[in-house]
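Here's the structure, in structure tokens; my notes come after.
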């Protein structure tokens, strides 16, 4: 399927943080009442890489993303985003950092009282950018997700897949350096899921944006690991078998609040861990 | 189906209440501090002023008129027995301006708007819209709470003035039409009875009540837990808590003003 035309190309990954990673979790734990959700989680997300985050329902994937965004505070451990320790920052300082990070929520979390263009333009309006510039960039972002025709519509008039794509447009409009996707294809039909996977791969390969993607769907992550976005044809192309390890893509699996796997596609496919083998089979 | 009763320790209940009071106090303080921080979101404040002020106008007009008329009707029969029907204007004006106008307007607006704020913000919580706002780098207390607090306090002030006036008109209607009181006599007694402290009392209260309505409504809204059922619970709690708080604060403000200015 050909992808929509590209907006301005401005790779975000050129910014290198002091820690050397776009995102880093260091021994992070969090519990809700008696329920320990994450227990000593440590991993790193290098710049320009997309990491697929797996785990059964309730394993803490969404919690992990909210921790990375500073929307939740961990009980222990440290979290670095773009070299800044979010666990030591005040809410006011976090507002500044969050302008450099985009997030796509599981249920899209569009503002239902605002129209699509107001949703997508939300951050730009807050920054006091001129109306002409906002309209240009909103149309560009909506074109990127193939939804320019929804400009004046309300979120309630959109399907689940369209809402998810508008949420992606809202997340990428400011060209963030890190993107967090919370089950971006969850509950969607295969065609819409493929479109969203294509958008995520395009963001990875064209803009070199670092991303952490929580998902249940192994097939989406494997598509991302075995394909790359071809700018010439403007669509996804399958990589030859010998080049599949060259895609900046890795996998992280959570179980019982701990990381049980952190590696690339080849390491995942050849893992001897019974749980992982059962999970990917 | 078997129901299990869970006994909750009084200490846990006390801790929860203390935590809620602390969170409410912090939210209230932050909503006020935001008036001195940029951006101020004047557009949102005007929108809320329209929703709260203009939207509440019909119920305020109706209740103001009714309460004034009822006050006159109930007091007239007693006053008539002592030949003091001419005092009806004094009674209605004092009652409406110092007490019933602010109180009834506050309670009406609490019923209409505290519930609206709690349900709107509660829905935003359960659909992760508040988290999305924070993730987009916007402070929800600045964007959502401060405009509601400012708009409610500002509009309740004017709504109370309207309710007071309509209460006096309602009282006049009863006094003139049912008890034959002279128009000039009624309005002269209304005017001459009121002194600075009465007007001051009647106008300071709506500002405080407006602050209570908005902060309580917003507090229950953003504290919503437990999906749509939680939104319903927050809405009910917001109306009950704001109404009770208005009555309690009304008593203490009246007492304080008596302490400052002395009894009449």
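Taken together, the values in this text are just the output of simple stated rules run on the coordinates, not laboratory data. Here the structure is a predicted model, which means the values were calculated and not measured. Ideal geometry is used to build each Cβ from the backbone, glycine not excepted, and the neighbour counts take in all protein chains shown.
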Task: Dimensionless Rg over Rh [the protein assembly as shown; C-alpha; Kirkwood] - done: 1.12
Open item on the list: How shielded is B:125-131 by partner chains, expressed as the average number of their Cβ atoms within 10 Å of its Cβ atoms?
Closed with: 5
TODO: With the cut-off at 20 Å, report for segment B:110-264 the share of all Cα pairs above it, as a whole percent.
DONE: 61
TODO: Specify the inter-centroid distance of segment B:151-208 and segment A:138-164, based on alpha-carbon positions, in whole Å.
DONE: 53
TODO: Please order A:139, A:123, A:170, A:88 by the number of other Cβ within 10 Å, starting at the fewest.
DONE: A:88, A:139, A:123, A:170
TODO: Return the whole-Å distance between the Cα centroid of segment A:166-188 and the Cα centroid of segment B:98-137.
DONE: 30
Open item on the list: Tell me the Rg and the Dmax, in Å, that the Cα atoms of segment A:205-245 produce.
Closed with: 11.2, 31
Task: segment B:41-261, relative contact order [Cα under 8 Å, separation at least 6], % - done: 36
Task: Rg(Cα) / (2.2 N^0.38 Å) computed for segment A:231-281, rounded to two decimals - done: 1.44
Open item on the list: Cut-off 10 angstrom, C-alpha nodes, Gaussian network model of chain A. Which of A:62, A:108, A:159 fluctuates the most?
Closed with: A:159
Open item on the list: Could you work out the pair-distance distribution P(r) of segment B:161-238 from its alpha-carbon pairs, with 5 angstrom bin width and percents rounded to whole numbers?
Closed with: 3, 12, 14, 13, 10, 10, 9, 9, 8, 6, 4, 1
TODO: Quickly estimate the mean residue ellipticity at 222 nm for chain B, helices only: each DSSP H run with n ≥ 4 gives -39500 (n - 2.57), and the total goes over all residues, rounded to 500.
DONE: -25500 deg cm²/dmol
Task: Averaged over A:83-95, number of beta-carbon atoms from partner chains that fall within 10 Å - done: 1
Task: Directionally averaged projected area (convex hull, Cα atoms, segment A:65-219), nm² - done: 9.8
- [ ] Grab the beta carbon distance between residue A:278 and residue A:206, set R0 = 51 Å, and tell me the FRET efficiency rounded to 0.05.
- [x] 0.90
Open item on the list: Considering the Cα positions of chain B, please state its Rg to one decimal place and its Dmax as a whole number of Å.
Closed with: 21.6, 70
TODO: Multiply the residue separation of residue B:263 and residue B:7 by 0.36 nm, subtract the distance between their alpha-carbon atoms, and state the gained length in nm to one decimal.
DONE: 87.3 nm
Task: 17 Å tail of the calculated P(r), segment A:63-117, as % of Cα pairs - done: 43
Open item on the list: Kirkwood Rh over alpha-carbon pairs of segment A:114-175, then Stokes-Einstein at 10 °C and 1.306 mPa s: what D in µm² s⁻¹, rounded to an integer?
Closed with: 142
Task: Where labels lie 7 Å past Cα in the beta-carbon direction, separation of residue A:256 and residue B:29 in nm - done: 4.4
Open item on the list: Taking just the alpha carbons, could you work out the radius of gyration and Dmax for segment A:141-255, both in angstroms?
Closed with: 14.2, 46
- [ ] Quote the convex hull volume per residue of segment B:17-58, based on C-alpha atoms, as a whole number of Å³.
- [x] 85
- [ ] Using only C-alpha positions, report the orientation-averaged shadow area of the convex hull of chain A, nm², one decimal.
- [x] 15.1
